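Throughout, read-outs are computed from the coordinates displayed, never taken from laboratory work. Since we're looking at a predicted model, the values are computed, not measured. Neighbour counts run over all protein chains shown; Cβ positions are idealised from the backbone, glycine included.
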Amino acid sequence: MTRTLSIQGLCLKHQQRTLVDQLDLTLKAGEVHALVGASGSGKSLSCLGILDLLPPGVHSQGGTLRLDGHVVQPAQLRGREAALVLQNPRSAFNPVRSLRQHAQETLRSRGLRGVHADQLILDTLNEVGLNDGPRVLDSFAFQLSGGMLQRFMIALALLADSHFLLADEPTSDLDVVAQARFLDLLERLVAERNLGVLLITHDMGVVARCADQVSVMAHGRIVEQADVHTLFNTPQSEEARTLLAAHHALTLETCTP
Amino acid sequence: MTLIQVCDLNHGYTAGGMFSKRHRVQVLKGLNLDLHAGQSLGLLGASGSGKSTLARLLMGLETPVQGTVLFEGQTLQGLNTQHFLRRVQMVFQDAISAFNPQRSIGWSIAEPLRHLSDMNAEAIQARVERLLLQVKLSASDSDKLPAQLSGGQLQRAGIARALAIDPQMIILDEALSNLDRVLQVQILDLLADVRRESGTGFLLITHDLSLVRRFCQRVVVLADGKLVEDREVIPGMRFEHPAARTLQEAVLPAMPSKTRAC
């Protein structure tokens, strides 16, 4: 059976204002589900809402989270079944702890420590392309590049043995080369480890590159859900058409001045 | 006509000290470049290749260790700063730190006009309003503080400020990288209009070849401290240097190609 993580009827409010309205999303193991939309459309909040990591003042109403069909609480998922990768990796690490301590902490939550744990950490770093393991582990977050930290976040997700990954604009701060490597890694892990991914992005190029399913968001609502080929060939919503028009203006070779 | 000429530029920094041994990082090694008036040139490079260092040297914000930057044949160090800034303006990558947090957006955009032109207050205000509309902000944003705008809006305000004095050359240092695709296209089209109407030249510094393809007439690629490619932007253009090829191949596809059975 394909493993699934779904949220239904998620509503997020700040005072009386509705920021996210009746969001339904289903992630499947082995698939990348892209959530796209303009800035301010509620993509990031939805992602945080799924794991109940909302900023102060924003509260959620309703919203049923199901893992393989069973109702679960967000706290049961965080850092275990579902891992989070954020746009700015530097702020996601404790600045006064080495990355080794971060990795060990993650493994302790699974009850793993000692030599076995150390070996698993090195193997996992290799898997995400951080080949200089010992040096990376002795470093602090400020000593590594953004691309390396993004890989390390993925490594932590693998160490936690998460089956689902929620990635909020993971490549927006990377240059195109680092972005391509990150997406290579993501695609490989989806194929090899059967990872289910929610990929939040505003770049239809990223969607074209690695998404299977796409949800388009505007003003806090999902306005279109389709598989990636259908969306690119016959977009239904105004938002999808706007995003695709900008994307094609930049990618089609014939548009040179 | 050559506006800015870079000859045999060498530049670097001293790194380390606190946590590691001091060592010299050589960023630019014998770089040569001509910026022509009215031309839009793309400067492409991966992160850490020295793009921003070059931009800072072009603006005279740093003095090169070796080599010269000439503006109309004169070195920047010997030049009247006001005269230079009236002709060359820059938009920085980090918009938040490029604005005075305690002053309104309108005040910041008007700054070049106050210092570099003899416009009166009324004319300045009218100009600021026109600039705000030009970059797709609203005239009422003039009274807001930087903290009240989003990153993308602030970046556009930075572009408005660079346009204010109507310079001959604008250097955009990753100024579009933080914007979404829809805004990137809008701003590029806007800048293309400015180029056609007032003959302004642009140096677009980026790691994203698709922006260069949309906007630039010529592209140079920076790798290992030197320019490894210098060619006209034409459809079907292909780089030859390995570092430039890497940048070209990293461009994301236009259409989904994956044929996976779901």
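Quick notes on this one:
- Result for chain B in a Gaussian network model with C-alpha springs under 10 Å: among B:118, B:224, B:208, the largest mean-square fluctuation is at B:118.
- Think of segment B:96-166 as having a plus end and a minus end, set by charges on the Cβ of Lys, Arg, Asp and Glu; of B:140, B:119, B:97, B:97 sits farthest toward the positive end of this dipole.
- Environment charge of residue B:15, counting only residues whose C-beta is closer than 9 Å and scoring Lys/Arg +1, Asp/Glu -1: +2
- Choice from B:230, B:180, B:141 showing the highest fluctuation, given a GNM over chain B with Cα pairs closer than 10 Å: B:180
- The Rg/Rh ratio for chain A is 0.97, where Rg is the radius of gyration of the alpha carbons and Rh is the Kirkwood radius.
- Counting other Cβ atoms within 10 Å as a rough exposure proxy, the listed residues B:136, A:43, A:13, B:21 run B:21, B:136, A:13, A:43 from fewest neighbours to most.
- Lysines with Cα under 20 Å of residue B:144, excluding same-chain neighbours fewer than 8 positions away: B:136
- GNM remark for chain B: springs join alpha carbons under 10 Å apart, and the peak mean-square fluctuation among B:145, B:85, B:252 falls on B:252.
- FRET efficiency, residue B:230 to residue B:70 (Cβ-Cβ, R0 30 Å, nearest 0.05): 0.95
- 10 °C / 1.306 mPa s Stokes-Einstein diffusion coefficient of segment A:89-161, Kirkwood radius on C-alpha pairs, µm²/s: 133 µm²/s
- Dividing the Cα radius of gyration of chain B by its Kirkwood radius returns 0.99 for Rg/Rh.
- Length-normalised contact order of chain A in % [C-alpha pairs under 8 Å, at least 6 apart]: 28 percent
- Per-pair calculated FRET efficiency, R0 = 56 Å: residue B:240 and residue A:110 via Cβ, rounded to 0.05: 0.70
- Taking chain B and dividing mean pair separation by its residue count, relative contact order in percent (alpha carbons under 8 Å, at least six apart): 25 percent
- Of all DSSP-defined beta bridges confined to the protein assembly as shown, some 55% are antiparallel rather than parallel.
- Peptide-level mean, for A:175-183, of C-beta atoms on other protein chains within 10 Å: 6
- Dipole size of the protein assembly as shown about its Cα centre, with +1 on Lys/Arg Cβ and -1 on Asp/Glu Cβ: approximately 780 debye, rounded to the nearest 20.
- FRET efficiency for residue B:143 and residue B:190, using Cβ-Cβ distance with R0 set to 30 Å, rounded to 0.05: 0.85
- Using the alpha carbons alone, the radius of gyration of the protein assembly as shown stands to its Kirkwood radius in an Rg to Rh ratio of 0.98.
- For segment A:15-52 versus segment B:199-218, the gap between their alpha-carbon centres in whole angstrom: 34 Å
- Comparing Cα centroids, segment B:13-72 and segment A:75-91 end up 38 angstrom apart.
- Selected from A:55, A:154, A:167, residue furthest toward positive end of dipole (chain A; charges at beta carbon): A:55
- Note on segment B:1-115: Cα convex hull, mean projected area over all directions, 9.5 nm².
- Here residue B:29 is the anchor, and the aspartates and glutamates within straight C-alpha reach of less than 18 Å, apart from those fewer than 8 places off in the same chain, are B:8, B:62, B:224, B:229, B:230.
- Relative contact order %, segment A:89-161, counting alpha carbon pairs below 8 Å whose residues are six or more apart: 48 percent
- By the rule of a C-alpha distance below 30 Å, with chain neighbours fewer than 8 residues away ignored, the lysines paired with residue A:28 are A:13, A:43, B:258.
- Per-residue mean of C-beta atoms belonging to partner chains within 10 Å, peptide A:242-251: 6
- The label-point distance for residue A:15 and residue A:54, in a model that sets each label 7 Å from Cα toward Cβ, rounds to 1.6 nm.
- The string of couplings for segment A:239-244 from the Karplus curve (6.51, -1.76, 1.60, θ = phi - 60°) is 4, 4, 5, 4, 4, 5 Hz, one whole number per residue in order, with x for Gly and Pro.
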